[in-house]
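Following: one structure in structure tokens, then a few remarks.
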Amino acid sequence: MSESNEGIGLNRVQSLPRLADRAVRSTLAPPRSTMILCGLVMALINGGLTAIMALVSGSLNTTAGSLIALGSMMVWLPVTIALTILVTLILAVYATHRTLLKVELSLFEAMQYIFRPRVLATLILMVGAIAVATLFLVIPGVIVAAFLSLVVPVMVSERVYLVAALVRSSELVWSNPERRILTLPLVRVLAITAVVVALSTLMTLVMQVPLQLMTQGMMFREALSGAEPSTSTFAAVNWISLPFTLVLAVVNVGVYSYFFHSLAMFYSDLVERREARSLGAAISELALIDNEVP
């Protein structure tokens, strides 16, 4: 099947390896300025947290220092969580526009889209539903997240918002015309999620293993000398981990961007197989041409 006809997969489900390959190529295709900026923002967020820990580690042996460290963490953690959610949503909006509409949004344009009243309200509903489900157990949270994974593509492509967008996403993820467990969209979304989690975990291990070897070596040398680890040692450990934290943040942005490119492509393939929009448009075009012929 040619590249131009890839979207019209009316009978055959697009295989996950092919979907993964297309998502990788789309993610790496230039320009990538928005992804790079998101990576820098995430590096600043995570690097800032590590830097704060390094700065306050030297004063943990005093009551005042401990209070300062606790206050700094209490202030920075909510900021970190809020900015991480915002960057994640920016990546979702950016990848979806890029995949479905062939529009390259800048970081500012993606933020403008997110803060449209109906879009923002829909995203709050989505994140709230996932958060509430996660409060009970992790598995219900994962299942709800899978059902709502196509909310952003639905908003971008169909301009459906609020509860209707959540319902539309759930219907698409639950629909299974082939009546086979392996072609159930829910299973395929969970498979895509598992691949992304595995990639993120692998990248974390690649970064953490050399870091742990270095820091544990420092601790071991102090232990051999008979001295207990000092606050200066903890500060040094945090400063050593700073470059690893920065690199890992940038790499994870690339992994998340790949995830949202995959979801957008999956949505496109799912809608084409279920509703045959391209085929309907082609038939309408042929009918129009036929009517124009004398």
Next on the checklist: Can you find a residue that is modelled with pLDDT of 65 or more, assigned to a helix (DSSP H, G or I) and among the small types (Gly, Ala, Ser) anywhere in the range 270-290?
Outcome noted: no
Checklist entry - Considering only residues of the range 147-173 that are without any contact (Cβ under 8 Å) to a residue 40 or more places away in the chain and either among the basic types (Lys, Arg) or in a loop (DSSP other than H, G, I, E, B) (or both), which is farthest from Phe115 (Cα to Cα)? => result Arg168
Checklist entry - Would a scan of the range 131-141 turn up a residue that is under 25 Å from Lys102 (Cα atoms) and either assigned to a loop (DSSP other than H, G, I, E, B) or over 17 Å from the mean Cα position of the chain (by Cα) (or both)? => result no
Checklist entry - Mind checking which residues of the range 27-52 are over 18 Å from the mean Cα position of the chain (by Cα) and in a helix (DSSP H, G or I)? => result Gly47, Gly48, Leu49, Thr50, Ala51, Ile52
Checklist outcome for this item: Checked the range 104-116 for anything open to solvent by 60 Å² or more (accessible area, probe 1.4 Å) and assigned to a loop (DSSP other than H, G, I, E, B); matches are Glu104, Phe115, Arg116
Checklist outcome for this item: When restricted to Leu120, Leu77, Leu86, the only residue within 23 Å of Ile192 (Cα to Cα) and part of a helix (DSSP H, G or I) is Leu86
Item to check | Check on Ser262, open to solvent by less than 20 Å² (accessible area, probe 1.4 Å) and either in contact with a Pro (Cβ under 9 Å, 6 or more places away or on another chain) or modelled with pLDDT of 90 or more (or both) | outcome: yes
Next on the checklist: Residue pairs, Cβ under 7 Å, 6 or more apart or interchain, first in the range 117-139 and open to solvent by less than 70 Å² (accessible area, probe 1.4 Å), second not in a helix (DSSP H, G or I). List them.
Outcome noted: Val119/Tyr161; Thr122/Tyr161; Met126/Leu148; Ala129/Leu148; Ile130/Leu148
Item to check | Leading residue by the ranking (nearest to Asn252 (Cα to Cα)) among those in the range 101-119 that are of a type in the set (A, V, I, L, M, F, W, C) and over 17 Å from the mean Cα position of the chain (by Cα) | outcome: Phe108
Item to check | Filter result for the condition that a residue is under 21 Å from Phe259 (Cβ atoms) and of a type in the set (Lys, Arg), over Arg159, Arg179, Arg168, Arg116 | outcome: Arg168
Checklist entry - Does Val144 satisfy being open to solvent by less than 60 Å² (accessible area, probe 1.4 Å), under 23 Å from Thr34 (Cα atoms) and assigned to a helix (DSSP H, G or I)? => result no
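The values are calculated or read from the model by the stated rules, or taken from the named source; none is laboratory data. Please read all numbers here as calculations on a predicted model, not as lab measurements. Because the Cβ atoms are built from the backbone with ideal geometry, glycine has one as well, and the counts that use them run over all protein chains shown. Areas reflect the complete protein model, heavy atoms only, side chains present, ligands, DNA and RNA absent. Shrake-Rupley method; radii C 1.70, N 1.55, O 1.52, S 1.80 Å.
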